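Everything on this sheet refers to the single structure shown next.
The values are calculated or read from the model by the stated rules, or taken from the named source; none is laboratory data. Everything quoted here is computed from the prediction, not taken from an experiment. For neighbour counting, all protein chains shown are included, and Cβ atoms are generated from backbone atoms with ideal geometry for every residue, glycine included. Ligands, DNA and RNA are excluded from the accessible area calculation, which covers all protein heavy atoms including side chains. Shrake-Rupley method; radii C 1.70, N 1.55, O 1.52, S 1.80 Å.
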Amino acid sequence: MNRLEFRLDTKSVLPLLEHVKPLMEQLAIDLATPNVSPDNDELMSDFWSKDLLTSQRKDIAAIAELFDDEFLDTGSATVDEEDADLVLRGCAAVRLKIRERSLEAFSDEALESGELDIEDFNRDQRIGYAAYALFASMQELIISQLEL
Amino acid sequence: MVSFIGGGSSAPETVLDETTELSGFWSVIVLNDPVNLMSYVSMIFKRVLGMSTSKAEKHMREVHELGRSVVWIGEREKAETYLYQLHEWHLNAILEKNEST
């Protein structure tokens with residue numbers, strides 16, 4: 001994979017990006033997963049979390065760059081091979097945050113199996129789930145290209 | 001473990017116990033989460049832990065079906081390195097002392 005281009009309908013994607021924007025801002029402050037250092041030492045645990053957060057900020061910056069003003073003009077988002085890992089991780093972080101923020105009403109089993117009745121969703125859940133699916137599709141596409 | 005042996009007016013002597021809490025073998029364990037895709041988890045096992053495709057998929061299925069999978073066993077320092085990398089990929093992972101080795 002040298003470069004992967006996504007062509008998306010900006011009108012459809014814009015509400016999803018607006019939905020995830022505050023989540024991405026939150027991901028600059030909080031880790032996406034409750035992972036903690038294996039070390040009992042407070043200082044070492046602090047280093048562990050800070051290093052993870054620095055790494056996560058790079059992931060989120062890659063997602064923000066993907067959906068920049070140029071994307072809003074053209075509907076085209078490109079992922080270069082050297083940025084693929086950042087984008088994959090950024091998608092994972094965003095999806096974890098969507099699950100925590102918009103899809104917390106659903107059980108792990110329901111979410112994993114995808115057996116959800118979208119008709120019963122409220123607006124926030126509907127948009128959140130659409131964004132959750134969009135970022136999953138992007139991950140699937142990137143992984144399929146990386147593994148060719 | 002560090003013990004201090006008194007020695008009159010001379011400086012305390014430090015004796016290091018070789019069997020510290022962190023010695024021995026440690027298991028890197030990945031726990032299930034309902035969010036990360038199976039293909040993503042398999043890819044990470046291959047990338048981070050150098051697993052073959054079939055081994056990565058076996059461990060991914062274990063995580064998915066049993067809720068956890070021991071993906072690596074070895075010395076603490078390397079286990080911590082792998083754990084950090086798995087955390088960087090946003091997987092839910094922990095270390096546990098391997099009592100069977």
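Panel note: the C-alpha atoms of the protein assembly as shown, placed on their principal axes, show extents of 81, 40, 37 Å (largest first).
Peptide B:21-32 has a mean shielding of 1, counted as Cβ atoms of other protein chains within 10 Å of each residue's Cβ.
Residue B:20 to residue B:99: extension gain in nm, 0.36 nm per residue of separation minus the Cα-Cα distance? If you can, show how the numbers build up before the last one.
Details: separation 79, 0.36 × 79 = 28.44 nm, distance 1.40 nm.
My answer for the length gained is 27.0 nm.
Across peptide B:82-93, the mean count of Cβ atoms from other chains lying within 10 Å of each residue's own Cβ comes to 6. Chains A and B together bury some 2400 Å² of accessible area, summed over both sides, with a 1.4 Å probe. Taking a ≥ b ≥ c as the square roots of the eigenvalues of the Cα gyration tensor, the range A:3-146 is classed as oblate, since a/c reaches at least 1.5 and a/b does not exceed b/c. Here each label is just a point 7 Å from Cα along the line to Cβ, and for residue A:73 and residue B:31 those points are 4.7 nm apart.
Ignore the peptide's own chain and count Cβ atoms of other chains within 10 Å of each Cβ in A:131-144; give me the average, rounded. Can you show the working numbers first?
On the way: counts 0, 1, 0, 0, 1, 5, 1, 0, 5, 3, 0, 3, 5, 1.
Mean partner shielding for this stretch: 2.
Each residue of the range A:69-85 was assigned a 3J(HN,Hα) from its phi angle through the Karplus expression (A = 6.51, B = -1.76, C = 1.60, θ = phi - 60°), giving 4, 5, 4, 5, 7, 10, x, 10, 10, 10, 10, 7, 4, 5, 9, 4, 5 Hz with x at Gly and Pro.
Computed in the context of the full set of protein chains, the accessible area of the range A:94-148 at 1.4 Å probe radius has 46% of its extent on carbon or sulfur.
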